[in-house]
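Data block below; observations after.
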Amino acid sequence: MRKMESLEIRHMTAEDVPAAALIERQNFTLPWEEESFFQALEKKETIYLTAFAHGKVVGYVGMWTVLDEGEITNVSVKKECQGQHIGRRLLTALEDEGRKRGIETFFLEVRKSNAPAIHLYESCGFTAQGIRKNFYENPREDGILMCKR
């Protein structure tokens, strides 16, 4: 697929939450509710970014920070927009924002069966650090812990 040229990435606002929650429901079996996004946005130790194409939310990414570490909690792109490098651009923007806050190490978990996401994370410099047994539910599955320093 071709790269989406007219992509804008900015900090998530409360107005972006309904669209982000809809994408979350499309992509995950145990999605975050809107309230979870609102609560995350209120915390100073979080970074949430939204991607827009032609004025519409097409993806988002989020991270919780502690000292010099960041735990990436969400990376999600609308199904019809996947394969257009939006996830990569969101991760790059999140890393840039994290580094501005002193983040040196980034962590995330990914389903063992999610080959496209694993490929994306590896191509962005993440490496597998271990397995989290039965980390995911519905269906139950191991998670791969990945890290980028």
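Just so it is clear, none of the values below were taken in a lab; they were calculated from the coordinates. Because the structure is a prediction, the values reported are computed rather than measured. Cβ coordinates were reconstructed from backbone atoms using ideal geometry, including for glycine residues, and neighbour counts include every protein chain displayed.
I need the peptides 11-17, 38-44, 68-74 ranked by packing, meaning the mean over residues of other C-beta atoms within 10 angstrom, with the highest value on top. The partial results should precede the final answer.
Details: 11-17: 15.6, 38-44: 12.4, 68-74: 18.9.
Put in order of decreasing packing, that is 68-74, 11-17, 38-44.
What would the Debye formula give as log10 I(q)/I(0) at q = 0.14 Å⁻¹ for the alpha-carbon point model of the range 29-83, no solvent?
Each listed q maps to, in turn, -0.43.
Please go through the residue pairs 44/148; 43/100; 44/112; 112/133 and name each one whose alpha carbons sit more than 20 Å apart in this structure.
In this structure, 44/148; 44/112 exceed 20 Å between Cα atoms.
Quick one: 3J(HN,Hα) in Hz for the range 63-69, Karplus 6.51/-1.76/1.60 with θ = phi - 60°, rounded, Gly and Pro as x.
8, 9, 10, 9, 6, 9, 10
By per-residue mean of other Cβ atoms within 10 Å, what is the highest-first order of 50-59, 126-135? Mind dumping the intermediate values first?
Details: 50-59: 18.1, 126-135: 13.0.
So the order, starting with the most tightly packed, is 50-59, 126-135.
Grab the other residues whose beta carbon is less than 11 angstrom from that of residue 27, score K and R as +1, D and E as -1, and report the net.
Charge balance near residue 27 sits at +2.
What share of Cα pairs, in percent, lie more than 28 angstrom apart in the chain? Walk me through the numbers on the way to the answer.
On the way: 1375 of 11026 pairs.
Across the chain, Cα pairs with separations above 28 Å total 12 percent.
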